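To start, the structure itself, in structure tokens.
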Amino acid sequence: MSSPLYNAFQDARQHLVNRSSGEKSVYLGLVFKAYTLRTDSQFALAYFFLIMLGIVERLLSFGIDCIRDKPGQPWRIFPRACSYFVVTMIRYVLMIAIMSPYIPMFLIICLGLTLGQILVEIIRYILMIRQVKQAGLVGNDSSGSLKDSLLDTNRHRMPTQTNHVNESCC
């Protein structure tokens, strides 16, 4: 005599056994299109695509912040708004993709965003070094060390933190 509960557990166990020994497939839902990943090449392509989306999202967010508003040039609002639209679409694609119950997909999206943020930080560092060199602070022995020059806020101001790069993806 088997109970319905016992039968349900047996069916679930059999489903898990069949799935682990059989063909693996993962459903990857994006905003307007969904894919079922079955082969290793499909997984690799999806992983590459999601990593690149994360990197592009971080770089575009940084690019939005590089378009500065200037008095008398209201036309700069349009490129910022268009860029923000694209970044928002990418964020929603990543949000929908990260909702899959497949943990490696979650980790891949986090990896892509992290790699993108590393690139943004490298670009920021390079821009900061260029700004310091242009200000004439490198190699100037008469004014003290480079560290003292950077800490002197009256002589040199670094740009403030930007809004979009520090926003989370989802």
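The values are calculated or read from the model by the stated rules, or taken from the named source; none is laboratory data. Everything numeric here is computed off the predicted structure, so don't read it as measured data. No Cβ is skipped: glycine too gets one built from the backbone with ideal geometry, and neighbour counts run over all protein chains shown. Surface accessibility is based on the protein's heavy atoms, side chains included, excluding ligands, DNA and RNA. Shrake-Rupley method; radii C 1.70, N 1.55, O 1.52, S 1.80 Å.
Taking first residues from segment 92-111 that are without any contact (Cβ under 8 Å) to a residue 24 or more places away in the chain and partners that are part of a helix (DSSP H, G or I) and surrounded by 16 or more Cβ atoms within 10 Å (Cβ to Cβ), the Cβ contacts under 7 Å between residues at least 6 apart in sequence or on separate chains come to Phe106/Ile98. Filtering segment 17-33 for residues that are within 30 Å of Ile122 (Cα to Cα), part of a helix (DSSP H, G or I) and hydroxyl-bearing (Ser, Thr, Tyr) leaves an empty set. Collect the residues in segment 82-117 that are surrounded by 15 or more Cβ atoms within 10 Å (Cβ to Cβ), among the hydroxyl-bearing types (Ser, Thr, Tyr) and at pLDDT 95 or above, keeping them in residue-number order. Result: no residue meets the conditions. Annotation note: Cβ proximity below 7 Å between a residue of segment 59-70 that is open to solvent by less than 60 Å² (accessible area, probe 1.4 Å) and a residue that is of a type in the set (A, V, I, L, M, F, W, C) and assigned to a loop (DSSP other than H, G, I, E, B) (sequence gap 6+ or interchain) occurs for Ser61/Val165; Phe62/Val165; Asp65/Val165.
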